[in-house]
1. Looking only at region 268-290, which residues are small (Gly, Ala, Ser) and not in a loop (DSSP other than H, G, I, E, B)?
2. Among the residues of region 177-210, which ones are modelled with pLDDT of 90 or more, of a type outside the set (A, V, I, L, M, F, W, C) and in contact with a Leu (Cβ under 8 Å, 6 or more places away or on another chain)?
3. State all residues of region 263-285 that are over 19 Å from THR330 (Cβ atoms) and out of contact with any strand residue (DSSP E or B) (no Cβ under 7 Å at 6 or more places or on another chain); if no residue qualifies, say none.
4. Might you check whether a residue that is in contact (Cβ under 8 Å) with a residue 40 or more places away in the chain and assigned to a strand (DSSP E or B) occurs anywhere in region 257-267?
5. For residues that are in a helix (DSSP H, G or I) and among the small types (Gly, Ala, Ser), scanning just region 184-228, find the one that is surrounded by the fewest Cβ atoms within 10 Å (Cβ to Cβ).
6. Within region 89-148, take every residue that is polar (S, T, N, Q) and modelled with pLDDT of 85 or more and give me the one that is farthest from the chain's Cα centre (by Cα).
7. Kindly check whether there is at least one residue in region 65-76 that is part of a loop (DSSP other than H, G, I, E, B), within 28 Å of GLN119 (Cβ to Cβ) and over 31 Å from the mean Cα position of the chain (by Cα).
8. In region 94-102, is there at least one residue being surrounded by 14 or more Cβ atoms within 10 Å (Cβ to Cβ), basic (Lys, Arg) and touching a residue at least 12 places away in the same chain (Cβ under 8 Å)?
Amino acid sequence: MTSRYRTIVVVHVLLRRADGQVLFLQRAGTGEAAGQLCLPGGHLEDGESVVAGAIRETAEETGVELSETNLEFVHIVHRRHGHDDPRLGFFFLATGWRGQPVNREPHKCAGLVWADPAQPPATTIAYTVAALEQIHSGRHFSLDGWVEHSPPAGLAQLPAAVTTGLCIERHSPHFPTLVIIRGNSGSGKTTTAREVRRRFGRGAALLEQDYLRRTVLREHDSARIQPVAPAFITATARTALDLGYHVILEGILHTERYATVLHQLIDSHPGPVAVFYLDVSFDETVRRHLNRAEPIPVTPDEMRRWYAHRDLLDIPGETVIGETSTFEQTVTTILHASGLTTVVPQTPCPRRCPHCARKADQTTTATEAP
């Protein structure tokens, strides 16, 4: 007889002042999400109700006293993060309490921050941001991090040159999207990635393998030297994702050196992931290389030494785009299959940027002008 399913329960409390701002704690010393902001709360103890747990955790972390009468249930999340055990997160709103909030656990908290829950600071943990958006929208239940088994909208319209399985898509749209574009030198991946980012606009980070390896690190691309670039590039991508950026990572990213770290990056990201491989023959890569708008000093013989036939990551949902796909078709395919056409920026710029707001107002005025 199989044992009954059990799940971890976590409680979170929104301490809301009269001006509408809520209290965030800056994590430190726990080895997880250091420097990021979260709400007061923690794991439920054995035999404890969620209300009692919320009251206890808030007192332990901030020193304020709550009672059942000033706690209001506002949301519950059924969450799954990577390979961790699934858990239920209960969110309560407190509009009254006794005492002044202080940092009672300096070994785990670097400080207290009051902020607008409708526009949380950029360093807020993505899971907390997602829950706050659900609460702000008046929804009392959400799923977070569970795999969707339906393909993204728009796949039925992909050109014939595209071969795809199911996108590795997680449930919550509130986590940033990770897009990986790979291919041989001369396959058009860099130009494509730049255009995808241009069309999306601010809020998407473009990470180019050649720039990070050649310019930032100035490191040769060789497996014999145990290169730093693979770990550096994927760590950069992970940091951008943690800060709320959608990430477009492009490069040859040869599987001999990058397969392991790319698999780790994909497996650890709780949000949507879309992987593309531009499958272009050697002769076509040479032709495209010779017609580059920005020529690079590389000979066809050098390109032949680098060329790897169909160097796929071999992960579910990897989309292969053939050389008969036009530039416009390729860009459109990536935008639609990755879901970038439906997600919104999550970063301070443009969400809270006065420069972006003025530009948007100018655009709207120009559009409405007779």
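1. Looking only at region 268-290, we keep the residues that are small (Gly, Ala, Ser), and these are 268, 271, 274, 281.
Within region 268-290, SER268, ALA274 qualify.
2. The first filter runs over region 177-210 and keeps only residues modelled with pLDDT of 90 or more, leaving 177-183, 189-210.
Cutting the leftovers down to of a type outside the set (A, V, I, L, M, F, W, C) gives us 177, 182-183, 189-192, 194-195, 197-199, 201-203, 208-210.
If the condition is that a residue be modelled with pLDDT of 90 or more, of a type outside the set (A, V, I, L, M, F, W, C) and in contact with a Leu (Cβ under 8 Å, 6 or more places away or on another chain), then THR177, ARG182, GLY183, LYS189, THR192, ARG194, ARG197, ARG199, GLN209 are the ones that fit.
3. HIS263, GLN264, LEU265, ASP267, SER268
4. Keep residues of region 257-267 that are in contact (Cβ under 8 Å) with a residue 40 or more places away in the chain, which gives 259, 262-263, 265-267.
Now drop any that are not assigned to a strand (DSSP E or B), which leaves none.
No.
5. So, considering only residues that are in a helix (DSSP H, G or I) and among the small types (Gly, Ala, Ser), the one surrounded by the fewest Cβ atoms within 10 Å (Cβ to Cβ) is ALA223.
6. From region 89-148, those polar (S, T, N, Q) are 95, 100, 103, 119, 123-124, 128, 134, 137, 142; that's our starting set.
After this cut, where a residue has to be modelled with pLDDT of 85 or more as well, the list is 100, 103, 119, 123-124, 128, 134, 142.
Numbers: GLN100: 35, ASN103: 30, GLN119: 18, THR123: 13, THR124: 13, THR128: 13, GLN134: 18, SER142: 18 Å.
By that ranking, first place goes to GLN100.
7. Here is the first cut: in region 65-76, the ones part of a loop (DSSP other than H, G, I, E, B) are 66-67.
Then keep just the ones that are within 28 Å of GLN119 (Cβ to Cβ); that gives 66.
Within this subset, residues satisfying the condition of being over 31 Å from the mean Cα position of the chain (by Cα) are 66.
Yes, there is a match, as at least one residue in region 65-76 is part of a loop (DSSP other than H, G, I, E, B), within 28 Å of GLN119 (Cβ to Cβ) and over 31 Å from the mean Cα position of the chain (by Cα).
8. First, the residues of region 94-102 that are surrounded by 14 or more Cβ atoms within 10 Å (Cβ to Cβ): 94, 97, 101.
With the extra rule that they be basic (Lys, Arg), the set shrinks to none.
Taking every residue of region 94-102 in turn, none turns out to be surrounded by 14 or more Cβ atoms within 10 Å (Cβ to Cβ), basic (Lys, Arg) and touching a residue at least 12 places away in the same chain (Cβ under 8 Å).
The values are calculated or read from the model by the stated rules, or taken from the named source; none is laboratory data. Just so it is clear, the structure is predicted and the values come from calculations on it, not from any experiment. Positions of Cβ are generated from backbone atoms using ideal geometry, with glycine treated the same way; all protein chains shown enter the neighbour counts.
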